[in-house]
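Only one structure is covered here, and it is reproduced in the block below.
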Amino acid sequence: MLTGESLIAGERVAGTGRVVHAFAPRTGAQLEPGFPMVDPGQVDRAARSALEAFAQLRSSTPADRARLLESIADAIEALGDALIERADAETALGVERLRGERARTTGQLRFFARMLRDGWGTGARIEHGDSDRRPAPRPDLRLRMVPVGPVAVFGSSNFPLAFSNAGGDTASALAAGCPVIVKAHNAHLGTAALVADAVADAVRAVGMPGGVYSSLVGDGAGIGQSLVAHPAIAAVGFTGSRAAGLALVGVAASRPAPIPVYAEMSSVNPVIVLPSALDAERAAGYVSSLTLGAGQFCTNPGLLFVPVGAEGDRFVGHVSETVRATSGATMLSSGIRTAFESARDELAAQPGVTELAEGLAGTDDDAPAARVFEAAAGELIRRPRLQHEMFGPAGLVVRYDGTDELRAAIGALEGQLTATVHAEDDDHVTLAELLPDLERIAGRIIVNGWPTGVEVSNAMVHGGPWPATSAPHTTSVGSLAIARFQRPVSYQNVPERLLPPELRDANPLAQERRVDGRMELP
């Protein structure tokens, strides 16, 4: 049952501030109930409760935390169709898409649980001492990763399940042993509340303190920034706009004790088509990726590099023809649609930019038509504005004349989440030349695929150089995501009986470890 309350330390609590509502994107109708925003005192209560709970969570075993994550996954699945129906009403993403997203959400919770059970996550290293070493004995040194403390997580607009209340940031923080406080996204308040209740039920079911998890309703500029500024918060996970992400980075950096902000902010995810790959099937594949989910993916391919010449012209013609046949899909909110149209129109007004094609508008005001534009590679190099994210169903085709101009254009790009190349065997020499260039700008390089879609796996990087993210050395998806919320501690000559279990010679927790330079499996 939705009551319009926030969740603080396992208890439903009514905020004292302005009442906010979610809205149905398809109709613009206000959805009930209203949710009063929390006040600074309630933020403080949530943060202090998280800090108190940290003492127990940080001392829990990997198996304890695995049970918590599995219990959360079970509780989310137990919500059944009610969760999917509410999420669809608030986002217009469609029932099938949301069922898939729920499966990803519970799957990544169980992914981290398996990682903990398999002995990953503590980063244990042991270097035994050597009293006979000369000229000085070698000390006994042992290292493990420890949780940093309570984490603030900001739910994203475009993934109401997989990147929100129980999404990847929450899963990886809990796996690390960090309590979580979520600033729920105001576009899907009911969905957030349902998931928050499920998480609270799971926390209780495994005997953890309520402060392990809270979910707050408020605005980003007020409640969100006050949460980041709270001295109990040790790190921040964020997915959203560059402006909002940079605001949080500024707040975190100005604290008496600055903290890291792991912000995924903006990316145009260039797709490069080499001469051997100029076929109609790839042209259609590009448009499908560009318009997937109304273009509201952080990995949306906003730039398409196509060579000049007759073959490139035909390829661009196929792109244009496919775009004209597409119908607009409803965007997540009128605010996102307005921001998209503003960015799109700003691009269209830039010198050197021409429109190639416009699709069909959808059946409501928030379902704009897809559009593609074209510019020469030289214009992209001269005008950084051409590579700004539009976050919607619009893209820019960049025409390049030869490998040298292509590499110059790649060198002018900002940091990206992804970079994609389409090539056949005839262009593998050129592809080999491009790979070092792409490594410098992107966190993930894709060959003969599309950037939309992020696999949860041990080898995935969902991150990239600034300004795609605020922390280029990290990832928000995959097993390495846990490292964002940990720090290393080394123990020198500590008696065996006082060492953490994962650093004792007997390895009672059966953790994977590196001992005297060699990997030791449990």
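The values are calculated or read from the model by the stated rules, or taken from the named source; none is laboratory data. Here the structure is a predicted model, which is why all the values come from computation and not from measurement. Because the Cβ atoms are built from the backbone with ideal geometry, glycine has one as well, and the counts that use them run over all protein chains shown. We work out accessible area using only protein heavy atoms, side chains counted, and drop any ligands, DNA or RNA first. Shrake-Rupley method; radii C 1.70, N 1.55, O 1.52, S 1.80 Å.
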Per the list (1) free of Cβ contacts under 8 Å to residues at least 40 places away in the same chain; (2) surrounded by fewer than 21 Cβ atoms within 10 Å (Cβ to Cβ), residue check on residue 252 breaks on (2)
Test: residue in segment 450-464 that is closer than 30 Å to residue 270 by Cα and acidic (Asp, Glu):
yes
What are the residues in segment 46-68 that are charged (D, E, K, R) and either open to solvent by less than 90 Å² (accessible area, probe 1.4 Å) or at pLDDT below 95 (or both), if any?
64, 65
Just checking, does segment 201-208 include any residue being buried (at least 20 other Cβ atoms within 10 Å of the Cβ), more than 22 Å from residue 298 (Cβ to Cβ) and touching a Phe, Trp or Tyr at 6+ places or on another chain (Cβ under 6 Å)?
yes
Got at least one residue in segment 28-41 being small (Gly, Ala, Ser), out of contact with any strand residue (DSSP E or B) (no Cβ under 6 Å at 6 or more places or on another chain) and either surrounded by 17 or more Cβ atoms within 10 Å (Cβ to Cβ) or in contact (Cβ under 8 Å) with a residue 60 or more places away in the chain (or both)?
yes
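So which of 302, 317 is within 29 Å of the chain's Cα centre (by Cα) and within 15 Å of residue 397 (Cβ to Cβ)? Walk me through how you get there before you give the answer.
Working: 317 fails: within 29 Å of the chain's Cα centre (by Cα).
From the options 302, 317, the qualifying one is 302.
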Tally up the residues in segment 283-334 that are open to solvent by 30 Å² or more (accessible area, probe 1.4 Å), in a helix (DSSP H, G or I) and not hydrophobic (A, V, I, L, M, F, W, C), please.
11
Considering 241, 266, which residue is modelled with pLDDT under 95, farther than 30 Å from residue 200 by Cβ, within 21 Å of the chain's Cα centre (by Cα) and not β-branched (Val, Ile, Thr)?
266
Condition broken by residue 468, with the remaining ones in (1) closer than 28 Å to residue 422 by Cα; (2) surrounded by 14 or more Cβ atoms within 10 Å (Cβ to Cβ); (3) in contact with a helix residue (DSSP H, G or I) (Cβ under 8 Å, 6 or more places away or on another chain) satisfied
(3)
Top-ranked residue in segment 209-242 [being hydroxyl-bearing (Ser, Thr, Tyr) and either assigned to a helix (DSSP H, G or I) or farther than 20 Å from residue 17 by Cβ (or both); ranked as least open to solvent (accessible area, probe 1.4 Å)]
213
Test: residue 82 is open to solvent by 50 Å² or more (accessible area, probe 1.4 Å), closer than 30 Å to residue 452 by Cβ, touching a residue at least 12 places away in the same chain (Cβ under 8 Å) and over 22 Å from the mean Cα position of the chain (by Cα):
yes
Test: residue in segment 416-435 that is more than 24 Å from residue 336 (Cβ to Cβ), within 22 Å of the chain's Cα centre (by Cα) and not in a helix (DSSP H, G or I):
yes
Could you please let me know if residue 152 is part of a helix (DSSP H, G or I), of a type in the set (A, V, I, L, M, F, W, C), in contact (Cβ under 8 Å) with a residue 40 or more places away in the chain and surrounded by 24 or more Cβ atoms within 10 Å (Cβ to Cβ)?
no
Take the residues in segment 365-381 that are out of contact with any Pro (no Cβ under 8 Å at 6 or more places or on another chain) and assigned to a loop (DSSP other than H, G, I, E, B); name whichever of them is surrounded by the fewest Cβ atoms within 10 Å (Cβ to Cβ).
365
Sort through 392, 362, 415 and tell me the only one that's modelled with pLDDT under 95, in contact with a Gly (Cβ under 7 Å, 6 or more places away or on another chain) and more than 18 Å from residue 277 (Cβ to Cβ).
362
If I filter segment 324-347 for residues that are closer than 14 Å to residue 397 by Cα, in contact (Cβ under 8 Å) with a residue 40 or more places away in the chain, in contact with a Lys or Arg (Cβ under 8 Å, 6 or more places away or on another chain) and of a type in the set (A, V, I, L, M, F, W, C), do I get at least one hit?
yes
Please work out if residue 415 is in contact with a strand residue (DSSP E or B) (Cβ under 9 Å, 6 or more places away or on another chain) and closer than 29 Å to residue 110 by Cβ.
no
Residue by residue through segment 497-522, note down the ones that are under 16 Å from residue 120 (Cβ atoms), of a type outside the set (A, V, I, L, M) and exposed (fewer than 14 other Cβ atoms within 10 Å of the Cβ).
522
Segment 10-25 residues that are charged (D, E, K, R), paired with ones that are part of a loop (DSSP other than H, G, I, E, B) (beta carbon under 8 Å, 6 or more apart):
12/3; 12/5; 18/37
Return yes or no: is residue 111 in a strand (DSSP E or B) and at pLDDT 95 or above?
no
Note: among 184, 202, just one is touching a residue at least 24 places away in the same chain (Cβ under 8 Å), of a type outside the set (Lys, Arg) and within 22 Å of residue 225 (Cα to Cα), namely 184
From (1) under 23 Å from residue 234 (Cα atoms); (2) in contact with a Lys or Arg (Cβ under 7 Å, 6 or more places away or on another chain), pick out the condition that doesn't hold for residue 480.
(2)
Restrict the check to segment 124-143 and report whether at least one residue is polar (S, T, N, Q), surrounded by fewer than 23 Cβ atoms within 10 Å (Cβ to Cβ) and over 27 Å from residue 80 (Cα atoms).
yes
